[in-house]
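Here is the structure we will look at, set down as C-alpha cells.
Read-outs: derived from the displayed coordinates by stated rules, not from any lab. Because the structure is predicted, anything quoted here is derived from the model rather than measured. Neighbour counts are summed over all protein chains in view; Cβ atoms, including those assigned to glycine, are modelled from backbone coordinates with ideal geometry.
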Amino acid sequence: MDFSWLSDPFYQEYLWEGFVNTLWLLAVSAVGGLILAVGVALARLRGPRPLAWLALAFTTVIRGTPLLVQLFFFYYGVGRLLEGVPGIRESAFWPLLRDPFFFGALTFILSVGAYSGEVIRGAMQSVPRGELEAGRAFGLSGVQVLTRLWLPRAIQLCLPTLTGEMILLLKSVPLVSTIALMDLLQAANIIRDETFLVYEPLLLIAGIYLATTIVLTLGLRLVELNFPGMRPTRRRWLPIR
Amino acid sequence: MTASFEPSPRPQAAAPAVAAHHLIKHFGDLEVLKGVSLEVEEGTVTSIIGSSGSGKSTLLRCMNLLERPDRGELAIADEAIRFTRNPQGDIVGLDRRQLQRLRAKVTMVFQQFNLWPHLSVLGNVIEAPMRVKGLSRRRATAIGEHYLERVGMADRRDAYPAFLSGGQQQRVAIARALAMEPRLLLFDEPTSALDPERVNEVLGVIRDLADEGRTMLLVTHEMHFAREVSDQLVYLDQGRIAASGSSQDVFDDPRCRRFVAPAA
C-alpha cells in the first residue's frame, strides 16, 4: 500500500474539491428533490385528473429507466440540443447550461422527486383521516391542514425511509464522474491515472463515503428522535435491540 | 399566566345556536337522514340517542358540515348557510369562507379524540385559536391554559398525546374545543372509545360544562347520562326523529321505551 501521494497538494486539492462537490450535489438534490417529491405526492393525491396522470407518468418513467441513462440523456442529449438554440450562448444562462453540475443536480432532483414522491404519497395516505377532519372541523383552511397537520405527520411517518433514500442518493453521486464533474470518484480516477495506483485512491474515497454515510445516518436519526410527539419506546439511538 | 384570562360572557341571544330544517342525506343509495329538523337553544343541552346506524353521527356531523346534507336548510349562530343548489334544489356546494368562519363557532369532540400527535397538549389547544381566529400566541396560550385547567390537564401542557391515557386525551380534546369559545359544542360519542374506568372522568367534565350553561349537542350511548344532563332529548330511528322533547317525555314515550328500557 502506497499512500505517499496523499502529501501532494495537487491531489489534496482534487480530493477536497471532489468532496465539496459531492456534498453540494447531495444537498442541492436532496432539498430540490424533496420539494418536488411533495409536489408529486400532492398531484397524485389531490391534483386535477390530468395533473395526477402526469405525475404518475413522470414517476413511472423516472423509476423505470436507469439513472446513468437519464444523466447521459440530459447532459449529452438535452445539453447538446440546447447548444443549437440561437442566441443561447450569449444568454445569461449559458454558464449554467454547460455546467455538468447543473445537469447532475437536475437528474438527481428528478430522481429524488420520483422515488421519494411515492414514499411521501404513501405516508400521506396513512395519516389517520380523523386528524385531518379535526383540522377542518376547527375551521383550518385546506392549506393550513396541509402545512400544519398533514405534511408534518406524513414526514414523521416516512422519515426512516427518506433517510434511506438520502443514503442511496449519496452513493448515486459518483455517476457524475462520467460527465466530467470533479466529484470524489473523478478525483480518485485522476490520481489513479497519474500514479498508476488503483486500490489506494479507491480505498480512500470508499472510506470517505462510508464516513459520510454514518454522519448522515446519525444526523437524520437525530432529527427523527427529536421529531415532536415520538413515542417513548422508539427513542433509541441505534435502531437495534 | 392562567389568571390573566377571563372567559368572555356568553351572548344572551334567544335565537337557537343551531337550527336544521328537513335535512336529507344519502350515502349512495342509502338514505341516512330522511328529513330531520332540529334546534338547539342557546344555553341548553341536547342529546341524540338511537341505535347504531340510525343516523345520529351523520346528523351531528351535518351541524358543522363535516357531512354536507343533500337537501334542507341549516343556520349556525343565526346565520343561514349559503348552499349552492342545482335546479332540482339539491345541495351541490357551499361558501368555503363562510364555512371556515362558522366552524370556528361550532367545535367538535370526536369519538377517537383526533388530537394532533405532533403537537403538544398546549399546541393542540392553541392551534385553531391562533390560525383560525388569529389570536397572538400569548393570548391563545392564556386561553388554552385556562381551559386545560378547567379539564384538569394543566400540569400536562407540554406532554404529547401519545403519552396520555384515553381519558386524558379526550379531556385535552374538550379543552381544544372550548378554547375556540364556540357558540355550540358538538360531542360525537365522546366516551365510546374509552376503557370503562375512564368513562366517568370524561362524563364528569361534560356534566360540569352542562351545569355552566354551555350550549351542547351530544351523540351518546350513555342513557343515564343523557337523561340526567339533557334539556332536550332526540330519539333518532332509521333516519327520522321518532321522539323528542324533555328527557322524561322521551323516556316515557312508548315508541322508544323498548330502546331505552334496559338503561332506565
**Item:** Along principal axes, Cα extents of the range B:186-253, largest first, whole Å
**Value:** 31, 26, 21
**Asked** Considering the zone a paramagnetic label at B:E181 would reach in this model (a point 7 Å from Cα along the Cα-to-Cβ line), which residues of the range B:143-159 have amide N under 18 Å from it?
**Response** B:143-151
**Prompt:** For the range B:117-181, with the dipole built from +1 on Lys and Arg beta-carbon atoms and -1 on Asp and Glu ones, taken about the Cα centre, which of B:Q168, B:H146, B:S136 lies farthest toward the positive end?
**Reply:** B:S136
**Asked** Using 7 Å Cα-to-Cβ label points, what is the B:L30/A:I88 separation (nm, one decimal)?
**Response** 5.9 nm
**Quotient of C-alpha Rg and 2.2 N^0.38 Å, computed over the range A:120-163** = 1.14
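Work out, step by step, the length gained on full extension between B:H21 and B:E39: first 0.36 nm times the residue separation, then minus their alpha carbon distance; give nm to one decimal.
Details: separation 18, 0.36 × 18 = 6.48 nm, distance 0.84 nm.
Length difference between fully extended and current span is 5.6 nm.
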**Message:** Over the Cα atoms of the protein assembly as shown, each weighted equally, I'd like the Debye log10 I(q)/I(0) at q = 0.07 Å⁻¹, rounded to two decimals.
**Reply:** -0.55
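Charges only on Cβ, +1 for Lys and Arg, -1 for Asp and Glu: so what's the dipole of the range B:117-181 about the Cα centre, in debye to the nearest 20? The partial results should precede the final answer.
Working: 10 positive and 6 negative charges, 38 e Å.
The calculation lands at about 180 debye.
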**Asked** So how strong a dipole does chain B carry about its Cα centre when Lys and Arg Cβ are +1 and Asp and Glu Cβ are -1, to the nearest 20 debye?
**Response** 900 debye
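Tally Lys/Arg at +1 and Asp/Glu at -1 over every other residue whose Cβ is under 13 Å from the Cβ of A:T217; what's the total? Working shown, then result.
Numbers: positive: A:K171, A:R221; negative: A:E165, A:E224.
Surrounding charge for A:T217 is 0.
Kindly work out what percent of the DSSP beta bridges joining two residues of chain B are antiparallel, to the nearest 5. Write down the numbers at each step before the final one.
Details: 23 of 39 bridges.
Given both bridge residues lie in chain B, the antiparallel proportion sits at roughly 60 percent.
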**Fill in**
With the dipole of the protein assembly as shown defined by +1 on each Lys or Arg Cβ and -1 on each Asp or Glu Cβ, the option from B:V234, B:F113, A:M230 whose Cα lies farthest towards the positive pole is B:V234
**Request:** Could you tell me which of rounded, prolate or oblate describes the range A:140-241, using a ≥ b ≥ c as the square roots of the eigenvalues of the alpha-carbon gyration tensor, with rounded for a/c under 1.5 and, failing that, prolate when a/b is larger than b/c and oblate otherwise?
**Result:** oblate
**Prompt:** When B:E41, B:E222, A:E83 are ordered from fewest to most other Cβ atoms inside 10 Å of their Cβ, what list results?
**Reply:** A:E83, B:E41, B:E222
**Asked** Taking other Cβ within 10 Å of each residue's Cβ, how do B:T84, B:T220 sort, fewest first?
**Response** B:T84, B:T220
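Evaluated at 37 °C with a viscosity of 0.692 mPa s, what Stokes-Einstein diffusion coefficient in µm²/s does the range A:1-97 have when Rh comes from the Kirkwood expression over alpha-carbon pairs?
The estimated diffusion coefficient comes to 190 µm²/s.
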**Asked** When we measure straight from the Cα of B:K25, which lysines land under 28 angstrom away, once same-chain ones fewer than 8 places off are left out?
**Response** B:K34, B:K56, B:K105
**Request:** Would you list the P(r) distribution for chain A, with all Cα-Cα distances sorted into 10 Å bins from 0 and each bin expressed as a whole %?
**Result:** 7, 24, 28, 23, 12, 4, 1
**Prompt:** Which whole DSSP H helices in chain A pass both tests: a Cα extent of 15 Å or more along the axis and a mean Kyte-Doolittle value no lower than -0.5?
**Reply:** A:9-46, A:49-64, A:100-125, A:151-170, A:184-195, A:199-225
**Request:** With label points built 7 Å along Cα→Cβ from the Cα atoms of A:L203 and B:R240, find their separation and express it in nm.
**Result:** 8.9 nm
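By count of other Cβ within 10 Å, fewest leading, how are B:F187, A:F3, B:F110, B:F83 ordered? Show your work: numbers first, answer last.
Details: B:F187 26, A:F3 11, B:F110 23, B:F83 19.
The most exposed by this proxy come first: A:F3, B:F83, B:F110, B:F187.
Estimate the FRET efficiency between A:L68 and B:A193 by the formula 1/(1 + (r/R0)^6), using the beta-carbon distance for r and 51 Å for R0, to the nearest 0.05. Intermediate values should be presented prior to the final figure.
Working: r = 53 Å, r/R0 = 1.03.
With R0 = 51 Å, the Cβ-Cβ based efficiency is 0.45.
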